[in-house]
Amino acid sequence: MGEPTSAVRVLLALWEQSGRRLRERCRGLTDEEFFWEPVPGCWNIRRDERHVGGWSYEYEFAPEDPAPLTTIGWRLVHLTAGNRLYWNHGFGDATLTFPDLEVPHTADSARAAWHDSRVPVTKWLADANDDDLVELRPSHLPERTMAAGDQVRALVDEQIHHGAEIALLRDLFLRPHEDHHTDRPLAADAPGT
């Protein structure tokens, strides 16, 4: 029987594996896909001259229910913002706020920004041990402090969650946008249902 795997090694493996998967799924991402709104009313990346860099992304801490669908660009920028904010508040000088973050507005710049935002998390996980995971750190969230492991777990969870959504949106974008079940009826279309 092998040695038990430490919690920090599990987090690192999940962080790296989900990051590789998302990087591969975003390979060749076009600006058209990045901004594509599959339904009306999507949250997206928008021009906003009031914001640093002239672009912003729509966000509310308590969105309506159901929350608006978000675009590939929104999700990638959201991951980057989360990485930067969690990291700056938990492991840095705690000075960043959402309005301070320059919002990338092309597929290429968003992929590069997301990649760069992952570097300090990856380095910390590679150097950390399980004792480091329980150390309380400041947070940008209302709780004010969180265990370092909880902060990293939140970033891993977001990367897996939004990475899967990005992959699905790319799959949908790359297929014709028409009614696909006319030749293959759904169960709900069957007589007597």
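Which one of Phe98, Phe34 is under 17 Å from the mean Cα position of the chain (by Cα) and at pLDDT below 90? Before the answer, list the steps.
Numbers: Phe34 fails: at pLDDT below 90.
Selected residue: Phe98, the only one of Phe98, Phe34 that is under 17 Å from the mean Cα position of the chain (by Cα) and at pLDDT below 90.
Of everything in segment 119-153, what is farther than 17 Å from Ala7 by Cα, in a helix (DSSP H, G or I) and either modelled with pLDDT under 95 or touching a helix residue (DSSP H, G or I) at 6+ places or on another chain (Cβ under 6 Å) (or both)? Give them in sequence order. Break it down stepwise before answering.
Keep residues of segment 119-153 that are farther than 17 Å from Ala7 by Cα, which gives 119-120, 137-145.
This time we only want the ones that are in a helix (DSSP H, G or I), so: 119-120.
Selection gives Pro120 alone.
With the requirement that a residue be surrounded by 10 or more Cβ atoms within 10 Å (Cβ to Cβ) and over 11 Å from Ala167 (Cα atoms), what does segment 17-31 give you?
Gln17, Ser18, Gly19, Arg20, Thr30, Asp31
Starting from segment 52-75, keep only residues that are of a type in the set (A, V, I, L, M, F, W, C) and surrounded by fewer than 23 Cβ atoms within 10 Å (Cβ to Cβ), then list their pairs with residues that are outside any loop (DSSP other than H, G, I, E, B) and at pLDDT below 90 whose Cβ atoms are within a distance under 9 Å, requiring at least 6 positions of separation or different chains.
Close Cβ pairs (under 9 Å, with a partner that is outside any loop (DSSP other than H, G, I, E, B) and at pLDDT below 90) amount to Val52/Pro99; Val52/Asp100.
Per-residue answers, yes or no, for (1) under 13 Å from the mean Cα position of the chain (by Cα); (2) modelled with pLDDT under 95:
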position: Ile72; (1), (2): yes, no
position: Thr80; (1), (2): yes, no
position: Gly90; (1), (2): no, yes
position: His105; (1), (2): no, no
position: Ala112; (1), (2): no, no
position: Glu165; (1), (2): yes, no
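Among the residues of segment 13-35, write down those that are touching a residue at least 60 places away in the same chain (Cβ under 8 Å) and over 17 Å from Phe173 (Cα atoms).
Answer for segment 13-35, where residues must be touching a residue at least 60 places away in the same chain (Cβ under 8 Å) and over 17 Å from Phe173 (Cα atoms): Leu14, Trp15, Glu16, Ser18, Gly19, Arg21, Arg23.
Somewhere in segment 18-26, is a residue over 16 Å from Asp157 (Cα atoms), of a type in the set (S, T, N, Q) and out of contact with any Pro (no Cβ under 7 Å at 6 or more places or on another chain)?
no
Could you check, for segment 77-86, whether at least one of its residues is more than 18 Å from Thr30 (Cβ to Cβ) and among the β-branched types (Val, Ile, Thr)?
Within segment 77-86, the first condition is being more than 18 Å from Thr30 (Cβ to Cβ), and the residues that meet it are 78-86.
Now drop any that are not among the β-branched types (Val, Ile, Thr), which leaves 80.
Within segment 77-86, one or more residues are more than 18 Å from Thr30 (Cβ to Cβ) and among the β-branched types (Val, Ile, Thr).
Mind listing whichever residues of segment 54-93 are part of a strand (DSSP E or B), touching a helix residue (DSSP H, G or I) at 6+ places or on another chain (Cβ under 6 Å) and of a type in the set (S, T, N, Q)? Full working, then the answer.
Start the filter on segment 54-93 by keeping residues that are part of a strand (DSSP E or B), which leaves 55-57, 70.
If we keep only those that are touching a helix residue (DSSP H, G or I) at 6+ places or on another chain (Cβ under 6 Å) as well, we get 57.
Of everything in segment 54-93, nothing turns out to be part of a strand (DSSP E or B), touching a helix residue (DSSP H, G or I) at 6+ places or on another chain (Cβ under 6 Å) and of a type in the set (S, T, N, Q).
Show the residue pairs that are 6+ apart or on different chains and have beta-carbon atoms under 6 Å apart, the first residue being within segment 102-117 and free of Cβ contacts under 8 Å to residues at least 40 places away in the same chain, the second being of a type in the set (D, E, K, R).
If the second residue must be of a type in the set (D, E, K, R), the pairs left are Ser117/Arg84.
Looking at Leu125, is it out of contact with any Cys (no Cβ under 6 Å at 6 or more places or on another chain) and surrounded by 14 or more Cβ atoms within 10 Å (Cβ to Cβ)?
Details: out of contact with any Cys (no Cβ under 6 Å at 6 or more places or on another chain): yes; surrounded by 14 or more Cβ atoms within 10 Å (Cβ to Cβ): yes.
Yes.
Take the conditions surrounded by 15 or more Cβ atoms within 10 Å (Cβ to Cβ), within 23 Å of Arg21 (Cβ to Cβ) and in contact with a Cys (Cβ under 6 Å, 6 or more places away or on another chain) and apply them to Arg118. Does it pass? Step through it out loud before you land on a result.
Numbers: surrounded by 15 or more Cβ atoms within 10 Å (Cβ to Cβ): yes; within 23 Å of Arg21 (Cβ to Cβ): yes; in contact with a Cys (Cβ under 6 Å, 6 or more places away or on another chain): no.
So Arg118 does not fit the description; no.
Pro38 versus (1) in contact with an Asp or Glu (Cβ under 9 Å, 6 or more places away or on another chain); (2) in contact (Cβ under 8 Å) with a residue 60 or more places away in the chain: which is the lone unmet condition?
(1)
The values are calculated or read from the model by the stated rules, or taken from the named source; none is laboratory data. This structure is a prediction, so every number in the text was calculated from the model and none was measured. No Cβ is skipped: glycine too gets one built from the backbone with ideal geometry, and neighbour counts run over all protein chains shown.
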